[in-house]
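Asker: I'd like to ask you about the structure that follows.
Every number here is computed from the coordinates shown, using simple stated rules; none is lab data. A quick note: this is a predicted structure, and the numbers were derived from the prediction, not measured. Cβ placement follows ideal geometry from the backbone for every residue including glycine, while neighbour counts extend to all protein chains displayed.
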Amino acid sequence: MAISEIRMIPYTKPSITPLEVEFATDAAANGWGEHCYDYIIRFEEAFKAHLGVKYAIATSSCTGALHMGMHALGIGPGDEVIMADTNWIATAAPIVHLGATPVFVDILPDSWCLDPEQVEAAITPKTKAIVAVHLYGNLCDMDALLTIGERHGIPVIEDAAEAVGSVYHGKRAGSMGRFGAFSFHGTKTITTGEGGMFVTNDPDLYEQVLTLSNHGRARGQSKQFWPDMVGFKYKMSNIQAAIGCAQMQRINELVNRKREILQSYKEEFENLGIAHQGFNPESHGCLIGAWMATVVMDTPSENSTLSEALQARLRIKGIDARPFFAPLSSTPPFRGIANEYKHCKWAYSIPPVAINLPCSHEITQSDIHYVSAAVKETLL
Ligand SMILES: *Cc1c(COP(=O)(O)O)cnc(C)c1O
């Protein structure tokens, strides 16, 4: 049988119920004219309440939210922005588009998130921001990063695209930095198809981004078709927001299911006696949203190809497992600049031995067992 004919267990897939369909249908039928912002406003209100922040702006993507927020912070040519080498390119792209330079530092071996000591060591007079990415829903050491930011007068931005449901000592991921950005791409914990959210507690930053998000048209401007500056067009549609409203009604269920899946994998690996160094960690006082069920296998070595071999063999068994992010400094757009920075030990040594296991909301217990047993078999 060709691989394409085998039922694949997807690595992620959104959870869409009749509620999402009902809301989207209503938006498509009625959400026009004077109602064209109804679901957008409702979605922003629901997200704000969930996160415990003052302001939220629905956007077309997390990348767009980051781009506008960074622009509003005045990041531009000649500036540097510190971020982890282990990342999806979406965090780095807006920095490059603004003419600034991403400065890559290493991750911590346990959280796979920014190493605060390396962040502080990388600060120069050109540093304009630190981007804390809560990788796979794990949490950055926000206390340390915010202290460093304050000490040097540098804003900390939270890329919480993967961290819906993650809570750091009582505060939700994305609510602690100067601003936070979320993604509702179809692979993420809650979805609107494509979409994102900009959140902040800073009223001035909010007004700036609101203006930027609407082609530079300020809220108080009474003239029509009258831009006050050149802005962006990164808005969310009412139909997407309708799906988002339904997802927000189910957010606890959706996050709890992700956490359950991670827990089931941990138990299966334990019962099957599969040697590994650890799954997504949850440190004391924190809760993780568990967007991905990620496992770092044994025998880390930079030359290992364990992860690739594992993925290929799982694929034959109908299992869509995915790689751990390669260090951005190893990818074509950044190879040139990365040489200027220190080699990031963990960013390079973890991906060859780590893997993301299928964790769509609808995965069954027997599929989780099947995947775990398949991992064990391929390791033998
Ligand atoms: C998915 C993701 C993004 C990008 O989100 P989009 O909505 O696709 O722009 C940004 N950062 C991280 C860490 C992500 O995982």
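Asker: Could you name the lysines whose alpha carbon sits less than 22 Å from that of Lys235, not counting residues in the same chain fewer than 8 places away?
Answerer: Lys48, Lys54, Lys188, Lys223
Asker: Residue separation times 0.36 nm, minus the C-alpha to C-alpha distance between Gln365 and Val96: what's the value? Intermediate values should be presented prior to the final figure.
Answerer: Values: separation 269, 0.36 × 269 = 96.84 nm, distance 4.28 nm.
Length difference between fully extended and current span is 92.6 nm.
Asker: Next question, about the same structure. Ignoring GluC sites (Glu not before Pro) that are buried or in helix or strand per DSSP, and keeping those with at most 13 other beta carbon atoms within 10 Å, what is the longest stretch of the chain between them?
Answerer: Values: sites that count: Glu302, Glu340, Glu362.
Between the exposed loop sites, the longest stretch runs 1-301.
Asker: Add -39500 (n - 2.57) for each DSSP H run of 4 or more in the chain, then divide by its residues: what number comes out at 222 nm, to the nearest 500 deg cm²/dmol? Could the numbers behind the result be given before it?
Answerer: Values: 13 runs with 145 residues, N = 380.
Counting only the DSSP helices, I get -11500 deg cm²/dmol.
Asker: While we're here: What residues from the range 253-275 fall in the zone where the backbone N is under 11 Å from a label point 7 Å along the Cα-to-C-beta line of Asp298?
Answerer: Within reach of a label on Asp298, which here means backbone N under 11 Å from a point 7 Å along Cα→Cβ, the range 253-275 contributes 273-275.
Asker: Would you order Val353, Val199 from fewest to most other beta-carbon atoms within 10 Å of each residue's own beta-carbon? It would help to have the intermediate numbers written out before the result.
Answerer: Values: Val353 22, Val199 27.
Lowest count first: Val353, Val199.
Asker: Which of Val96, Val255, Val167 ends up with the largest GNM mean-square fluctuation for the chain, with Cα atoms connected below 10 Å?
Answerer: It is Val96.
Asker: Now, a different point. Looking at the chain as a GNM with Cα springs under 10 Å, which of Cys113, Cys245, Cys286 has the largest mean-square fluctuation?
Answerer: Cys286
Asker: Quick one: if the Förster radius is 30 Å, what FRET efficiency do Gln224 and Glu22 give, using the C-beta to C-beta distance and rounding to 0.05?
Answerer: Values: r = 35 Å, r/R0 = 1.16.
Approximately 0.30, to the nearest 0.05.
Asker: Moving on to the next point. Find, among the trypsin sites (Lys or Arg not before Pro) in the range 123-221, those assigned to loop by DSSP (not H, G, I, E, B) with at most 15 other beta-carbon atoms within 10 angstrom.
Answerer: Values: sites: Lys126, Lys128, Arg151, Lys171, Arg172, Arg178, Lys188, Arg217, Arg219; in loops: Lys126, Arg178, Lys188, Arg217, Arg219.
Those satisfying the criteria are Lys126, Arg219.
Asker: Right, something else. Between Ala144 and Ala29, what's the calculated FRET efficiency when r is the beta-carbon distance and R0 is 51 Å? Round to 0.05. If you can, show how the numbers build up before the last one.
Answerer: On the way: r = 50 Å, r/R0 = 0.98.
For Ala144 and Ala29, the calculated efficiency is 0.55.
Asker: Right, another one. For the chain, modelled as a GNM with alpha-carbon contacts under 10 angstrom, which of Ser237, Ser366, Ser307 fluctuates the most?
Answerer: Most flexible of the set in this elastic network: Ser366.
Asker: Shifting gears a bit: Once you put a point 7 Å from the Cα of His215 and another 7 Å from the Cα of Asn271, both along the Cβ direction, what distance in nm separates them?
Answerer: For His215 paired with Asn271, the spin-label model returns 5.8 nm.
Asker: What chymotrypsin sites (Phe, Trp or Tyr not before Pro) in the range 165-238 are in a loop by DSSP, with at most 11 other Cβ atoms within 10 Å of the Cβ? Numbers along the way, then the final one.
Answerer: Values: sites: Tyr168, Phe179, Phe182, Phe184, Phe198, Tyr206, Phe225, Phe232, Tyr234; in loops: Phe184, Phe225, Phe232, Tyr234.
Counting only loop positions with at most 11 other Cβ atoms within 10 Å, the chymotrypsin sites (Phe, Trp or Tyr not before Pro) in the range 165-238 are Phe225.
Asker: Are there cysteines in the chain with no second cysteine's Cβ under 4.7 Å away, and if so, which?
Answerer: Taking the Cβ cut-off of 4.7 Å, the unpaired cysteines of the chain are Cys36, Cys62, Cys245, Cys286, Cys344, Cys359.
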